[in-house]
Amino acid sequence: MSRYMTAEDLAIQAQARAFVDEELIPHEIEAEMNEGRLPEGVKTAQKARIKEMGLQAFNIEAELGGAGLTCFQQVLVSEQAGRATNALGWVFDAPAAWLPKVATEHQMKTWVLPAIRGERKECYAITEEFAGSDVDAIQATVTKDGDSYGLDGVKWHVTSFNHADHVFFQGKLKDGSHALLVSDLDNPGISVVRTPAYMHTYAAHHPIVAFDGVRVPKANLIGEEGDGMRFAYEWFRYERLMIAARCCGAARRLIDEASAFAQQRFASGKQLSEHQAISFMLADSVTELWAAQLMTYRLAQGIDDGMNVKTQHAQCSMAKLYASEMANRVADRAVQIFGGRGYMRENVAERFYRELRVDRIWEGTSEIQRIITADQLFKRGLSAILGEEQQ
Ligand SMILES: Cc1cc2nc3c(=O)[nH]c(=O)nc-3n(C[C@H](O)[C@H](O)[C@H](O)COP(=O)(O)OP(=O)(O)OC[C@H]3O[C@@H](n4cnc5c(N)ncnc54)[C@H](O)[C@@H]3O)c2cc1C
């Protein structure tokens, strides 16, 4: 037990680490060579172990059937999940934690609780061809018609569409405000336009999906009309923090593996680790990982202590920005340290070098995180974004 981690925190971290070492990492190359997929039996066994460990829906409160972890403990689990390549860590179900706060009884019963139990799977359709960073530029429409709504538009990068059975669709109402609605994927009018290949090798695809005259009952509206953007911000804050955690885990794995290699491999008569050009790359990586981990841990503990939402917003952006850029630098150095081996798909550094790139893009690009941080700095001042005002 340390000043910053309780015995329970350490136990959860150790459990998640053992799971990733024993159940995920050994399957990475198989996944890489098989379009990201693992045999169904393997995934079923992984999911069963997650339930046994009490980590099913680790971000959801215990009364709803989740693991009831603190925000800090969620970060510890995500960090470990981030140590595995090929998104094998996505085997942990983490449905949107804000949904139970706004979902109706019908929505809880139909979508939210089954997703928490791991029986149903959701995907999110917000981004469009001409609207990514600027979410307000979406052209998809939500049209009220009596007791139902019509959903129309073409959505891009719909992650996990091929594993999901329902979708959260964001579109604009007549007055220009945003609405979020849920639809089952077998609803008529939803079709895949195409499934582009991406830089990583993941079993989850990100297709372009058309919604053409899709009809859903009024009961499928999440919250109120006009609430769409509020949910998006809540989701962004959470995901940005978890991306920071996963990036810390990825950097840790890369440093572990690259430093082990540097101590085994000889070049020009000595161990690679004795060449300062190599050891300095590792020293910089460790230093930057430590900084990112401190930011991420401190932020999560601050959220557990009731940090105000605006400070959370700025700090989630800063943590995501720093940790994702850090992990990309570490992956680049790790490829260099492994030399030719670092360019082989069977090498962890090659895979992370490709996979981590998206962490600088999704859930708000690095530029957007800087815009948010600068905006908060000028509007609220340095003490506020550093969280000093509420001490
Ligand atoms: C693998 C993957 C999975 C995804 N999954 C989903 C999903 O499940 N659901 C979903 O809805 N979306 C998803 N996305 C979309 C993702 O959130 C967007 O790609 C991201 O927000 C960036 O939007 P964009 O791609 O349209 O880029 P753009 O917004 O067009 O940006 C292009 C470039 O311009 C910069 N830029 C934009 N605006 C500004 C500005 N104001 N100032 C300075 N620079 C700016 C950006 O930083 C970027 O460098 C996914 C994307 C990827 C790659």
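Structure notes:
- Highest-first packing order for the peptide set 363-375, 200-212 is 200-212, 363-375, based on the mean count of other beta carbon atoms within 10 Å.
- Placing dummy labels 7 Å off each Cα toward the beta-carbon, the span from residue 309 to residue 354 is 4.0 nm.
- Within the chain, helix-based [θ] at 222 nm, where runs of 4 or more DSSP H residues each add -39,500 (n - 2.57), nearest 500: -14500 deg cm²/dmol
- Degrees separating the helix 228-264 axis from the principal Cα axis of the chain, which is the longest one: 20
- Alpha carbon convex hull of region 1-56, volume per residue in cubic angstrom: 90
- Anchor residue 155: aspartates and glutamates whose Cα lies under 18 Å away (excluding residues fewer than 8 positions away in-chain): 122, 128, 129, 134, 136, 165, 184, 186, 212, 363
- Rg over Rh, two decimals, region 122-222 (C-alpha only, Kirkwood Rh): 0.96
- With every protein chain in place, region 7-95: carbon and sulfur % of accessible area (1.4 Å): 53
- Degrees separating the helix 366-380 axis from the principal Cα axis of the chain, which is the longest one: 80
- Placing R0 at 30 angstrom, the Cβ-Cβ distance between residue 277 and residue 21 gives a FRET efficiency of 0.50 after rounding to 0.05.
- Size of electric dipole in region 42-132: Cβ of Lys, Arg +1 and of Asp, Glu -1, about Cα centre, debye, nearest 20: 360
- Between the Cα long axis of helix 40-52 and the first principal axis of the chain there is an angle of about 90°, rounded to the nearest 10.
- Here, the chain yields an orientationally averaged convex hull projection of 20.3 nm² when only Cα atoms define the hull.
- Over region 7-95, all Cα pairs binned in 10 Å intervals from 0 give whole-percent P(r) values of 18, 52, 25, 5, 0, listed from short to long.
- Burial order of peptide ranges 141-151, 109-119 (average beta-carbon count within 10 Å, highest first): 109-119, 141-151
- Region 192-269, Cα convex hull volume normalised per residue, Å³: 162
- Probe 1.4 Å, protein heavy atoms only - accessible area per residue of the chain in square angstrom: 46
- Difference of contour (0.36 nm per residue) and Cα-Cα distance, residue 70 to residue 133: 19.7 nm
- Under 19 Å from residue 109, Cα to Cα: lysines that are on another chain or at least 8 residues apart: 101, 121, 218
- Apportionment of accessible area to carbon and sulfur, region 122-222, percent (1.4 Å): 52
- Each peptide in 238-247, 41-50 was scored by the mean count of other Cβ atoms within 10 Å over its residues; highest first, the order is 238-247, 41-50.
- DSSP-defined antiparallel bridges as percent of all bridges, the chain, nearest 5: 85
- Extension reserve of the residue 290-residue 267 stretch, reckoned as 0.36 nm per residue once the Cα distance is removed: 5.4 nm
- For region 229-385: Kirkwood Rh in Å [reciprocal of mean 1/r, alpha carbons]: 16.5
- Charging the Cβ of each Asp and Glu at -1 and of each Lys and Arg at +1, and nothing else, the dipole of the chain about its Cα centre rounds to 620 debye.
The values are calculated or read from the model by the stated rules, or taken from the named source; none is laboratory data. Since the model is a prediction, treat every value here as computed from it, not as a measurement. Positions of Cβ are generated from backbone atoms using ideal geometry, with glycine treated the same way; all protein chains shown enter the neighbour counts. What goes into the accessible areas is simple: the full protein's heavy atoms, side chains included, and nothing from ligands, DNA or RNA. Shrake-Rupley method; radii C 1.70, N 1.55, O 1.52, S 1.80 Å.
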